[in-house]
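Visitor: Take a look at the following structure, please.
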Amino acid sequence: TGYWVAESGAPTESQQAFDQVTMSPKTLGAFTDISRKLLLQSSIDIETFVRNDLATVLALEIDRAAIHGSGSSNQPTGILATSGIGSVAGGTNGAAPTWANIVSLETEVAQDNADIGSLNYLTNSKVRGKLKGTFTNSTYGEAPVFGLDGRMNGYNTAVTNMVSSTLTKGSASGVCSAIIFGNFADLIVGMWGSLDLMVDPYTSSTSGT
């Protein structure tokens with residue numbers, strides 16, 4: 001805390017405040033069977049193919065959970081389930097995004113003194129398509145909100161379908177999408193280990209898998 005003091009006066013001592021992010025391990029798994037005949041007859045390296053496919057599925061789910069994780073049912077807490085981060089609603093029952101919504105998102109972050117660091121937008125392909133046809137000034141047909149350079153209002157914009165397009169807002173059930181803006185350096189994913197692959201050649205041995 002800063003104090004204005006008189007000549008030869010001393011400021012009151014104040015202390016720094018710290019916070020702690022508490023993490024707890026979660027487990028994400030995927031399971032598949034490979035038949036003996038598939039291994040013998042495949043024209044590709046099926047073992048590598050399946051390994052890569054399992055790894056990709058798990059990586060995509062980690063991304064999805066970082067965005068939409070509920071914090072319950074053995075899931076981590078994602079961005080959209082984090083309380084107190086601020087939000088801008090397009091409408092009571094959802095609405096098509098506008099240039100004003102984008103500016104309001106940035107304002108919501110800025111008024112919390114959080115508009116620093118790795119500031120980016122994150123949304124899905126449906127929103128990108130909509131905003132490419134939405135203009136900053138519809139009267140004069142100015143630049144589209146989602147620019148040809150892949151940026152919105154000067155900020156990089158990542159697009160992934162891990163951002164759901166089946167959200168619900170009011171009576172708009174299962175048709176809404178999210179747009180996220182913030183410092184993505186503050187998104188923390190704790191990893192207690194790397195990908196573990198366990199091959200079990202015995203459980204279904206009688207059926208040749």
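Visitor: Calculate, for Thr12 and Ala185, the FRET efficiency according to 1/(1 + (r/R0)^6) with r their C-beta to C-beta distance and R0 45 Å; round to the nearest 0.05.
Guide: After rounding to 0.05, the efficiency reads 0.85.
Visitor: OK, next. Here are some values of Rg and Dmax of the Cα atoms in Å: (i) 17.1, 51; (ii) 20.6, 69; (iii) 24.0, 90. Which one was computed from this structure?
Guide: (iii)
Visitor: Turning to a different aspect of this structure: Using a 1.4 Å probe, how large is the accessible area of Glu142, given in Å² and rounded to the nearest 10?
Guide: Approximately 90 Å² of Glu142 is accessible to the 1.4 Å probe.
Visitor: While we're on this one: When a/c is below 1.5 the answer is rounded, else prolate if a/b is larger than b/c, else oblate, so apply that to the range 156-199 with a ≥ b ≥ c taken from the square roots of the Cα gyration tensor eigenvalues. The partial results should precede the final answer.
Guide: On the way: a/c = 2.87, a/b = 1.62, b/c = 1.77.
Oblate, since a/c reaches 1.5 and b/c is not below a/b.
Visitor: Collect residues whose amide H, placed 1.01 Å from N in the peptide plane, falls under 5 Å from the amide H of Thr136; neighbours closer than 5 in sequence don't count.
Guide: So Thr136 has HN proximity to Glu142, Ala143, Val145.
Visitor: Given the options Ile85, Ile188, Ile34, which has the most mean-square fluctuation in a GNM of the chain, springs set between C-alpha atoms less than 10 angstrom apart?
Guide: Sorting by GNM fluctuation, first place goes to Ile34.
Visitor: On to the next question. Let me cross-check Lys169: its accessible surface, 1.4 Å probe, with only protein heavy atoms counted, in Å² to the nearest 10?
Guide: The value for Lys169 is about 80 Å².
Visitor: Give the angle, between 0 and 90 degrees and rounded to the nearest 10, that separates the Cα long axis of helix 46-68 from the longest principal axis of the Cα atoms of the chain.
Guide: For helix 46-68, the angle is close to 30 degrees.
Visitor: Tell me which chymotrypsin sites (Phe, Trp or Tyr not before Pro) from the range 26-134 have a DSSP coil assignment and no more than 15 other beta carbons within 10 Å of their own.
Guide: Phe31
Visitor: Additional query: May I ask for the distance between the Cα centers of the range 17-54 and the range 183-209, given as a whole number of Å?
Guide: About 5 Å separates the Cα centre of the range 17-54 from the one of the range 183-209.
Visitor: Can you give me the % of accessible surface on the range 129-209 that is carbon or sulfur? Probe 1.4 Å, all protein chains present, nothing else counted.
Guide: Carbon-and-sulfur percentage of accessible area, whole number: 53.
Visitor: Starting from the Kirkwood radius over alpha-carbon pairs of the range 109-209, derive D by Stokes-Einstein at 20 °C in a medium of 1.002 mPa s and give it in µm² s⁻¹.
Guide: It diffuses with D of about 124 µm²/s by this estimate.
Visitor: What are the ³J(HN,Hα) couplings of the range 75-81, residue after residue, when phi is run through the Karplus curve with 6.51, -1.76, 1.60 and θ = phi - 60°? Round to Hz, x for glycine and proline.
Guide: Residue by residue, the range 75-81 yields 9, x, 8, x, 4, 6, 9 Hz.
Visitor: Ok, one more. Using helices alone, what [θ] at 222 nm do you get for the chain, with -39,500 (n - 2.57) per DSSP H run of 4 or more residues, divided over all residues and rounded to the nearest 500?
Guide: Calculated at 222 nm, the ellipticity per residue is -7500 deg cm²/dmol.
Visitor: Could you sort Leu195, Leu122 by their accessible area in this structure, using a 1.4 Å probe and putting the largest first? Could you put the intermediate results ahead of the total?
Guide: Working: Leu195 100, Leu122 20 Å².
Greatest to least solvent exposure: Leu195, Leu122.
Visitor: How much accessible area per residue does the chain have, in Å², with a 1.4 Å probe?
Guide: Each residue of the chain exposes 71 Å² on average to a 1.4 Å probe.
Visitor: Rolling a 1.4 angstrom probe over the protein chains, ignoring ligands and nucleic acids, what is the accessible area of Val199 in square angstrom, nearest 10?
Guide: Around 110 Å² of this residue is reachable by solvent.
Visitor: Tell me the carbon and sulfur percent of the accessible area for the range 49-118, rounded to whole percent, probe radius 1.4 Å.
Guide: Summing carbon and sulfur atoms, their accessible area is 52 percent of the total for the range 49-118.
Visitor: Please list, in order along the range 28-39, the HN-Hα scalar couplings obtained from phi with the Karplus expression 6.51 cos²θ - 1.76 cosθ + 1.60 (θ = phi - 60°), rounded to whole Hz, x for Gly and Pro.
Guide: 10, x, 9, 9, 8, 10, 10, 7, 4, 5, 4, 4
Visitor: Right, next: Can you pull the one-decimal nm distance between simple spin-label points at Leu40 and Thr160, each 7 Å off the Cα toward Cβ?
Guide: Here the answer is 4.1 nm between the modelled labels.
Visitor: Also, quick follow-up: Going 7 Å from the Cα of Ser207 in the Cα-to-Cβ direction, what parts of the range 28-47 have a backbone nitrogen less than 14 Å from that spot?
Guide: Residues 32-37 qualify, since their backbone N sits under 14 Å from the label point.
The values are calculated or read from the model by the stated rules, or taken from the named source; none is laboratory data. None of these values were measured; they are calculated from a predicted model. Because the Cβ atoms are built from the backbone with ideal geometry, glycine has one as well, and the counts that use them run over all protein chains shown. Please note that ligands, DNA and RNA were not included when accessible areas were found on the heavy atoms of the full protein model with its side chains. Shrake-Rupley method; radii C 1.70, N 1.55, O 1.52, S 1.80 Å.
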